[in-house]
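To keep things clear, I will list the structure first and then write my remarks on it.
The values are calculated or read from the model by the stated rules, or taken from the named source; none is laboratory data. Predicted model, so just to flag it, every value in this text is computed and none were measured. Here the Cβ is made from the backbone with ideal geometry for all residues, glycine too, and neighbour counts use every protein chain on show. Just so you know, the surface numbers come from the protein's heavy atoms only, side chains and all, with ligands and any DNA or RNA stripped out. Shrake-Rupley method; radii C 1.70, N 1.55, O 1.52, S 1.80 Å.
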Amino acid sequence: MNISNYDCLFEPLQIGPVTAPNRFYQVPHCNGMGHLRPQSLAAMRGVKAEGGWGVVCTEMMEIHPTSDVTPYIEGRLWDDGDMAGLQLMTDAVHQYGSLAGVELAHSGSSTGNLYSREVPLAPSHTACYDNLPFSARAMDKKDISNFRHWHRQAALRAKAAGFDIIYVYLGHDLTLLQHFLSPRHNRRTDEYGGSLVNRVRLMKQVLQDTKEAVGDRCAVACRFAVDELIASGGLRCGDEGREVIEMLSEIPDLWDVNISDWSNDSQTSRFAEEGYQEPFTSFVKQVTKKPVVGVGRYTSPDKMVSLIKGGVLDMIGAARPSIADPFLPNKIREGRFDDIRECIGCNICVTGDMNSSPIRCTQNPTLGEEWRKGWHPEIIPAKNTDDAVLVVGAGPAGMELAMSLGKRGYQVTLAEASKQLGGRVLQESALPGLNAWKRVADYRELWLRKAPNVELYFDSSLNARDILSFDIPHVYLATGAYWRRDGISRSTPFSVEGLDSSKLFTPDDIFAGKLPSGKVMLFDDDNFYMGGVIAEKLVAAGCQVSFVTNDALVSPWTVYTMEQHRIQTRLLELGVTIYTQQNLSRIEADHCVLACVYTDKKQIVDTDALVMVTEKLPHEQLYQTLIAEREIKSDLWTQSGISTLTAVGDCFAPGTIANAVYSGHLNARQHDEKHPLLEVPFKRERILI
Ligand code: ADP
Ligand code: SF4
């Protein structure tokens, strides 16, 4: 591999009055830390700059109390008092020679100002988003002038806080400026409504205001969604999306272009391949001389080179690839391609923001922990002792644990019952659309196979006798979990009448290649992705599938990964019959009885087989056996040379793949460290009274 092929990614680029050191651009992304956790945020952004991202941006930054996005936790720049927190971030980014960007935002009618209680603003009278039972007020000329003043003031404060790139933001269907541009939102009849020239007026004025205010030292970027993927009433890259850029092409110093709304911009790998935005955004470089940034979950260095050399983009924009691997640019520069931790496109990172909690990542367990736990994605403290470690089970938890202990310098033995590393990741990545998830295992396997201090044993299903005979002092059990087949779940806490195991399937059966046939009812009480993907697999296998959930939506927790509407659409298009708000009441030989969750009204659905996607239980038999044997013979462990036994990952408590990776990493960091039980295990950011 000739690493000079990648030189074009490391050429500096002039953006207005500032110069980016390379072509890696961390575009704005939410993180659930925002104005409430400025130190956590600064540390997270600083690590990205350290890892080589030439530009590191904030998340959306509220500019005024009329744009308060509570309950979401974003940036806040309402007055001078908000500047100190942001300066932490600009200092952290500048420390590594990168540029800091800030995405100034007014959210218009997409927010209800639940904290400030200010009346939301919009181009025309309109109901607020999210079914809020109140409306945004149509802005008059004074409101428009006020908004321009607020934006200008926020730009000046951002400049004073040290930002180098200041955004005018029209993306994700979430901003007032985008609402002015859109005929769906803008029904005005004055000079700000009607024709495109009129609808674009405020965008142009704010771009000019911002350039006048801060353009002497700061670059002014425009984040603009060129396509909304809406059949009628939305901007399309083939018409008005393109015309807007043609009209304003040379005003901003940089165009950061994408597609709208957020669920379109940040599509999961289940629904979109790397580079999925190119068909919409690739025209932009033809209509402007200014630098262009675009996104598309880019993780392939060769693809990045082709985008720059092919004149598609000037800088590689990334949110998720920079989350999964903050050191991606440096690894490319150093030719360390095997070390790249590629984003798997699962959107677990989005669930943090959606639930107003700090960001987390399936691939990068240190994300969000940089400040509060002092974790670094590439550095882990060296070992404290020479004691060897046995890890049993090579799923995501066992692999991450073995790898991180190996990086600390411990002698690690990793024993796996099957012939392959990966555990549930291998099983799940074989399901429709989840192929990219295999990267969780691939990245770790590449490292583990090369490590001189890690021994891998396959086909090694260990029992308690084996473990007691090894004479290895620290034993971790990462033996995973299995899907319940007793009918017990959240909505059926006492199982289901008539449960007949001969016709019952669980996801584990599907993984093992044991598929039902004929009329199959899938009862989903897990409510994340598993029920939906198994339904897809069953349809592909020729089954006639009915999908039953007691929620109002199919796969309701995927609202937080922004996939829910896509999943439900796909199942409907595949011909799956969907029964919502139904409990599974009774199972008979050739049918199931469903009961309405509200009225208990019954209905019968002909069924040849039942797939229950309910809950998982830990594979903890080995753990319990070792504990029980020590209770019978108190010196059993010491005689066998065992001083600690710890369950990790799904074996400790079943959860997401992200939870399993985190559990493995946490245990590796805590290994041989003292952790007083009564102390909070991380630093907190408190309000000082
Ligand atoms: P997690 O998500 O916690 O990593 P997984 O279910 O993905 O859990 O992985 C558990 C792994 O442990 C599987 O690959 C399984 O084959 C392996 N395993 C389970 N029991 C044993 C055992 N007794 N000895 C060795 N490996 C085991
Ligand atoms: Fe990528 Fe998933 Fe990490 Fe988000 S959580 S950055 S989608 S791997």
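Here are the numbers:
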{"item": "Flag if Asn22 is buried (at least 24 other Cβ atoms within 10 Å of the Cβ), assigned to a loop (DSSP other than H, G, I, E, B) and either touching a residue at least 24 places away in the same chain (Cβ under 8 Å) or polar (S, T, N, Q) (or both)", "result": "no"}
{"item": "Residue among Arg223, Arg297 that alone is modelled with pLDDT of 95 or more and in a loop (DSSP other than H, G, I, E, B)", "result": "Arg297"}
{"item": "Flag for Leu553 being modelled with pLDDT of 95 or more, crowded, with 18+ Cβ neighbours inside 10 Å and either outside the structural domain of Gly423 (by TED's automatic domain parsing) or part of a loop (DSSP other than H, G, I, E, B) (or both)", "result": "no"}
{"item": "Given (1) open to solvent by less than 10 Å² (accessible area, probe 1.4 Å); (2) part of a helix (DSSP H, G or I); (3) away from ligand 2 (no atom under 15 Å from the Cβ), number of the condition Ile323 does not satisfy", "result": "(3)"}
{"item": "Selected residue [open to solvent by less than 40 Å² (accessible area, probe 1.4 Å), without any contact (Cβ under 8 Å) to a residue 60 or more places away in the chain, among the small types (Gly, Ala, Ser) and part of a helix (DSSP H, G or I)] from Ala49, Ala42", "result": "Ala49"}
{"item": "Residues that are open to solvent by 60 Å² or more (accessible area, probe 1.4 Å) and either in a strand (DSSP E or B) or of a type in the set (A, V, I, L, M, F, W, C) (or both), drawn from the range 401-457", "result": "Ala430, Leu446, Trp447, Glu455, Tyr457"}
{"item": "Residue pairs meeting the criteria (Cβ under 6 Å; at least 6 apart or on separate chains; first more than 20 Å from Gly649 (Cβ to Cβ), in the range 464-488; second assigned to a loop (DSSP other than H, G, I, E, B) and not polar (S, T, N, Q))", "result": "Asp471/Gly641; Pro473/Asp387; Pro473/Gly641; Gly487/Val496; Gly487/Leu499"}
{"item": "Test: residue in the range 445-458 that is within 13 Å of ligand 1 (Cβ to nearest atom) and touching a Gly at 6+ places or on another chain (Cβ under 8 Å)", "result": "yes"}
{"item": "Among (1) near ligand 1 (Cβ under 8 Å from one of its atoms); (2) open to solvent by 60 Å² or more (accessible area, probe 1.4 Å); (3) part of a helix (DSSP H, G or I) - the single one Gly398 does not satisfy", "result": "(2)"}
{"item": "Strands (runs of 3 or more DSSP E) enclosed by the range 580-689 - at least 2 residues per element that are of a type outside the set (A, V, I, L, M, F, W, C)", "result": "582-587, 602-606, 616-618, 644-647"}
{"item": "Within the range 629-687, tally of residues that are β-branched (Val, Ile, Thr) and farther than 27 Å from Thr561 by Cα", "result": "7"}
{"item": "Flag for Leu688 being open to solvent by 40 Å² or more (accessible area, probe 1.4 Å), over 31 Å from the mean Cα position of the chain (by Cα), closer than 30 Å to Arg408 by Cα and not assigned by TED's automatic domain parsing to the domain that holds Ala402", "result": "no"}
{"item": "Top-ranked residue of the range 649-666 - restricted to ones that are away from ligand 2 (no atom under 14 Å from the Cβ) and open to solvent by 30 Å² or more (accessible area, probe 1.4 Å), ranked as nearest to Pro381 (Cα to Cα)", "result": "Leu666"}
{"item": "Among the residues listed as Ile348, Ile380, Ile340, the single one being open to solvent by 10 Å² or more (accessible area, probe 1.4 Å) and within 16 Å of ligand 1 (Cβ to nearest atom)", "result": "Ile348"}
